[in-house]
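Report on the structure given below.
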């Protein structure tokens, strides 16, 4: 196990360096730059723009900029945002809370509902419930999230007036009930799509398991149906879900751009989009490295959990 | 406050000043004695720069107006009004010497910073010196770099000498916010000082908190030296999507839609909302086609004249902009004291445009596109991608110009790309853009139209059009050194006439922004001379 861990971590580090080099090059070679936002304004001349670009070190050769960024990052200094001068880690940290709140709620809802619907669909294959669940999942997966979001806002905020149309809290309030009221709509919209995904995975996994020999044997031995489903079928069908969950880790912390935009949710997705739009290189690179680390950690975690949950798997 | 729904024409006619006219037979609401309530201001861009001397955009400046104070500011009518200064210096009151070189400013007594420290002339000196500090990332040094020999002659009096007379400096100072010497002066590096994310000013509101990506909250400064504040709290809420911004205004979560206001497609519905007042505010910026005057066919004045005549400006304004903006022939807003009302009016006349091109030797070739000496009358037009209103305008222009044998192709790009070197180094063929050419309320356009300001030729300004004209150069130098307004007006009238004659830009219209205010909120006064209509939140209050 320890040999496996060392090998995987070593591979991950090499991958991270490669990701940083490619990401840095693509980002800086793309046309435009952080000074563009000031260029059409009224009071900054070309002289001002050139001077500030020089002060920010944007005119130096790309390899020099990369080497300096990489060296500082190794020492824990991820740089400062070109937009607000905040340390990149603080910028990421300040958006993580909102993303975690939304994504955890939506993912928990989606897992609970998706696993239940998927299991029931598999058990009652070709029933009315199964057909409805399949059609529902297809609809949820086919329609864009922003459309669901706008319909939900129109229905529950504009028309019925039950829930706020966006934001994380009411300015000046921020109590728990207020936070929960604001969380309902975005979490529901996000969970809707995720439920569809989880239910399809679970249905397929459950169908694989219920046709296995050991289930037939259990039935032949007279084990009660409920016990067969819960103790034998469900437990084994849930194993592939660990991989899905592990791969979802970056998504959990990466945010949901569309939902965050429609519901004015100050999370990681919007931070990434804003940072790209303003060519805020230090923040974009910070998010890139953060996401890459999460992807690698997520898949490593999934492998480890799989080995723990399934005695047939041996790591080494 | 006038309800737009009652009489749209009246509001358009009377402008911003009319919005303050008292309703007949109704008592004017009075502000509360102590700050009360809060206002949520919706913004579609996020304010992120809180040091008012560093590079920031309009949305940042909206926050600065509430945290900081300039020596004087420009009111909606274009008058300079003293703020931290006791009086606005002029040649008449002796604040500026007759040759424009010696300046003396007397400061208002009893002003304190938010932390209670008294504001003095040392702070003004520090601010001006910091702007010129080579290690500091100052937003702009235009005008400031001419300041020499700053002397604090008393705690409430400061003098300096200008390297040469520069009349726009009064206006530049109206947008220069003072910063505290006792805090920023003590910081090691002013570029990364903690002050930049927890600012201390002399403005009507104090810094309370910021949730990055979401909101900024300010609270009332009860020791403020001016009128107000009457609100306990101001929340600047970042809502990136304009549809969502409008929805939150509609559902009441936002009290005022500031930058970028309400999109034209929502305006008709917005006017029917109960308890909401909709304001159409003429902006200082002018939407225009920016030709690259060094690019092939666009270098020919006859081509520019023909292209301008071929534009169906009225159809463009009515069909795409819902008739909200005002057609313009100048780079200056109609409300400017220097605006020239006698410029030749645009005439939509494709037949005359065709005749002009024929006369100039541009003959129709294959595919109906004209050409002359092997040069085709073809060019690209670029603007920011994802701006549907501008994209529709481009389609209309394409049709208009095709009718006179001019081929235009759309080549749009993301903001970070188009406004980079493509714009700054004149790599475009033509661009559709809105520019506020004024410096505060000052009409000086030296950085935009002087031949020494062409970035692509090593210049230091923003003459991205590459306009070079000897008479213009002479007039710009003259205008910037005149302190008598009547004389300056004559100079800038000629500058506008010259630009209209040469069509260095093809002016389309003076932009109009639509902003919404919740009923019961008083004091909103749009001001095109400031960068944001949040400039006077200190005077806002809720009807009791």
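The values are calculated or read from the model by the stated rules, or taken from the named source; none is laboratory data. Quick caveat: nothing in here was measured; it's all calculated off a predicted structure. Using ideal geometry, Cβ is built from the backbone for each residue, glycine included, and neighbour counts are taken over all protein chains shown.
Screening the candidates A:245, A:229 for the property of being closer than 30 Å to residue A:94 by Cβ and surrounded by 17 or more Cβ atoms within 10 Å (Cβ to Cβ) yields one hit, A:245. Looking only at segment A:29-49, how many residues end up being at the interface with chain B (Cβ under 7 Å from one of its Cβ atoms), assigned to a loop (DSSP other than H, G, I, E, B) and in contact (Cβ under 8 Å) with a residue 40 or more places away in the chain? Residues in segment A:29-49 being at the interface with chain B (Cβ under 7 Å from one of its Cβ atoms), assigned to a loop (DSSP other than H, G, I, E, B) and in contact (Cβ under 8 Å) with a residue 40 or more places away in the chain: 2 in total. Within segment B:140-157, being surrounded by 16 or more Cβ atoms within 10 Å (Cβ to Cβ) and either in the same structural domain as residue B:438 (by TED's automatic domain parsing) or touching a strand residue (DSSP E or B) at 6+ places or on another chain (Cβ under 6 Å) (or both) holds for B:146, B:147, B:150, B:152, B:156, B:157. Filtered by the rule that a residue be more than 7 Å from chain A (Cβ to nearest Cβ) and either more than 22 Å from the chain's Cα centre (by Cα) or modelled with pLDDT under 95 (or both), segment B:242-256 gives B:242, B:243, B:245, B:246, B:249, B:252, B:254, B:255. Tell me, yes or no, whether segment B:467-475 has at least one residue that is farther than 24 Å from residue B:308 by Cα, surrounded by fewer than 21 Cβ atoms within 10 Å (Cβ to Cβ) and within 14 Å of another protein chain (Cβ to nearest Cβ). There is no residue in segment B:467-475 that is farther than 24 Å from residue B:308 by Cα, surrounded by fewer than 21 Cβ atoms within 10 Å (Cβ to Cβ) and within 14 Å of another protein chain (Cβ to nearest Cβ). For residue B:115, the conditions (1) part of a loop (DSSP other than H, G, I, E, B); (2) modelled with pLDDT of 95 or more; (3) under 25 Å from the mean Cα position of the chain (by Cα) are fulfilled apart from (3). State whether the residues of segment B:142-162 include one that is at pLDDT below 95 and assigned to a loop (DSSP other than H, G, I, E, B). Scanning segment B:142-162 turns up at least one residue that is at pLDDT below 95 and assigned to a loop (DSSP other than H, G, I, E, B). Filtering B:510, B:528 for residues that are surrounded by 23 or more Cβ atoms within 10 Å (Cβ to Cβ), modelled with pLDDT of 95 or more and in contact with a strand residue (DSSP E or B) (Cβ under 6 Å, 6 or more places away or on another chain) leaves a single hit, B:510. Scanning segment A:261-280 for residues that are out of contact with any strand residue (DSSP E or B) (no Cβ under 9 Å at 6 or more places or on another chain) and in a loop (DSSP other than H, G, I, E, B) yields a total of 6.
Among the residues here, residue A:52 does not qualify as within 14 Å of another protein chain (Cβ to nearest Cβ), modelled with pLDDT of 90 or more, touching a helix residue (DSSP H, G or I) at 6+ places or on another chain (Cβ under 9 Å) and crowded, with 20+ Cβ neighbours inside 10 Å.
Residue-wise test of (1) surrounded by fewer than 17 Cβ atoms within 10 Å (Cβ to Cβ); (2) over 16 Å from the mean Cα position of the chain (by Cα); (3) within 13 Å of another protein chain (Cβ to nearest Cβ).
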{"position": "A:234", "(1), (2), (3)": "no, yes, no"}
{"position": "A:259", "(1), (2), (3)": "no, no, yes"}
{"position": "A:269", "(1), (2), (3)": "no, no, yes"}
{"position": "A:280", "(1), (2), (3)": "no, yes, yes"}
{"position": "A:287", "(1), (2), (3)": "no, no, yes"}
{"position": "A:290", "(1), (2), (3)": "no, no, no"}
{"position": "A:302", "(1), (2), (3)": "no, no, no"}
{"position": "A:312", "(1), (2), (3)": "yes, yes, no"}
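Within 14 Å of chain B (Cβ to nearest Cβ), part of a helix (DSSP H, G or I), touching a helix residue (DSSP H, G or I) at 6+ places or on another chain (Cβ under 9 Å) and crowded, with 18+ Cβ neighbours inside 10 Å: does that describe residue A:192? No, not satisfied. Does residue A:79 qualify as being surrounded by fewer than 22 Cβ atoms within 10 Å (Cβ to Cβ) and touching a helix residue (DSSP H, G or I) at 6+ places or on another chain (Cβ under 6 Å)? Yes. Going by the structure shown, is residue B:432 under 19 Å from the mean Cα position of the chain (by Cα) and more than 11 Å from every other protein chain (Cβ to nearest Cβ)? Judged against the criteria, residue B:432 is a match.
With respect to residue B:105, is the statement that it is over 24 Å from the mean Cα position of the chain (by Cα), away from every other protein chain (no Cβ under 14 Å), modelled with pLDDT of 90 or more and surrounded by 20 or more Cβ atoms within 10 Å (Cβ to Cβ) true? Judged against the criteria, residue B:105 is a match.
Residue-by-condition table, conditions (1) within 14 Å of another protein chain (Cβ to nearest Cβ); (2) buried (at least 21 other Cβ atoms within 10 Å of the Cβ):
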residue: B:457; (1), (2): yes, no
residue: B:463; (1), (2): yes, yes
residue: B:490; (1), (2): no, no
residue: B:496; (1), (2): no, yes
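Set side by side, the residues B:262, B:216 differ, and just one is surrounded by 22 or more Cβ atoms within 10 Å (Cβ to Cβ), more than 21 Å from residue A:172 (Cα to Cα) and touching a strand residue (DSSP E or B) at 6+ places or on another chain (Cβ under 6 Å), which is B:262. Of the numbered criteria (1) surrounded by fewer than 24 Cβ atoms within 10 Å (Cβ to Cβ); (2) within 20 Å of the chain's Cα centre (by Cα); (3) within 16 Å of residue B:279 (Cα to Cα), the one residue B:518 fails is (2).
Inspection of segment A:15-28 identifies no residue that is within 14 Å of another protein chain (Cβ to nearest Cβ), surrounded by 20 or more Cβ atoms within 10 Å (Cβ to Cβ) and within 30 Å of residue B:466 (Cβ to Cβ). Going by the conditions given, is residue A:82 in contact (Cβ under 8 Å) with a residue 24 or more places away in the chain, more than 8 Å from chain B (Cβ to nearest Cβ) and in a loop (DSSP other than H, G, I, E, B)? Judged against the criteria, residue A:82 is a match. From the list A:94, A:12, the one residue that fits, being under 26 Å from the mean Cα position of the chain (by Cα) and at the interface with chain B (Cβ under 8 Å from one of its Cβ atoms), is A:94. Can you tell me which of B:180, B:199, B:204 is crowded, with 21+ Cβ neighbours inside 10 Å, closer than 28 Å to residue A:170 by Cα and more than 14 Å from every other protein chain (Cβ to nearest Cβ)? When all the criteria are applied, what remains is B:204.
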